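For reference, the structure discussed in these notes is given below.
Read-outs: derived from the displayed coordinates by stated rules, not from any lab. Since this is a predicted model, take the numbers as computed values, not measurements. Neighbour counts run over all protein chains shown; Cβ positions are idealised from the backbone, glycine included.
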Amino acid sequence: MVQSARGVNSRSLLREAETALLLIEDDKSRKWFEEAIKKLVDNRRNPEKTMTGAKELRTNLLAYLEQFGEVKTANIWCRNIVYSEIKDFLKALQEELARHDLKGIVELHLQDREINSPHIQYVGTNAEEAQIIIADFLIQRGYEDSLGSALMNNHIPAYRTEEAQNLRVKKTDDEVKEQERIEQITEHKRAVLDTVKDLIADIRSLKDSFVDIMKKELRDLNIIDFGYKNEIKKSTSKRTMALENRHKTTEELLSDWSERATQRRRARRQ
């Protein structure tokens, strides 16, 4: 859908300034417009600002683009776009368009008062060529079924068919921010999960060390207990022998002593 260029009073141009793709080859000019867009976005966020500078920026942008040829507007449907893929999609689209001789600005409009479905708005030179390139790219991504569906221009503006209270403007900038917020939450959850896993591993390691220490303690206790039992056994044997000796005669005691002495001498000889 190729139309005449958006005017300086058109709210459609630079509506999605924060995520807009600048197709400007000259580094100095591109940086100037990037700074101007950043200032515009900051002004829009500041509730105390009554003038954002949007009209002046639109005037400068259109005047710059007109140096390179006739400037027109092309709208290309992308009704099957996946919202969670918007950020990566815009980056890939800019890389694709940078390979062609196009001067302009590209915005993704999810919903507005004129075209009440997601579409790409291109404002710049060679608009007829640009819409074909963008449409092919959208078909490859699965966001449109065919070239005909992507370029279909038999739509009726939503503000002619919808009640005013039902018309909504859904901003790409807001959707990208929401996706970034979701990514941050997901990353935080992942970090917490990793921390929990590390804590569980540490606890298991401590448990294993504790079990090893307890096993060693029990082994040591068994050794001590075994030695203690032997000492008791020896002491009991001596007390038993002493009690038995009390009831023996002198002759029996001398006989026992003589027998033990003989056993000791034999043991030394061996």
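Couple of notes before you dig in:
- Segment Met214-Arg266, length gained on full extension (0.36 nm per residue, minus Cα span): 14.0 nm
- Neighbourhood net charge (15 Å Cβ-Cβ; Lys/Arg +1, Asp/Glu -1) for Ala135: -4
- Vicinal HN-Hα couplings computed from phi for the range 47-62 (Karplus, 6.51 cos²θ - 1.76 cosθ + 1.60; Hz; Gly/Pro x): x, 7, 8, 8, 10, 8, x, 5, 4, 5, 5, 4, 4, 5, 5, 5
- Each of Leu62, Ala36, Pro47 was scored by the projection of its Cα onto the charge dipole of the range 8-142, and the greatest displacement toward the positive side belongs to Pro47; charges sit on the C-beta of Lys, Arg, Asp and Glu.
- Using 0.36 nm per residue and subtracting the Cα-Cα separation, the extra length available between Arg30 and Ala92 on full extension is 20.5 nm.
- Multiplying the residue separation of Glu251 and Asp145 by 0.36 nm and removing their Cα-Cα distance gives an extension gain of 25.8 nm.
- Pairs exceeding a 27 Å alpha-carbon distance, out of Lys38/Lys72; Lys49/Lys72; Lys28/Lys91: Lys49/Lys72.
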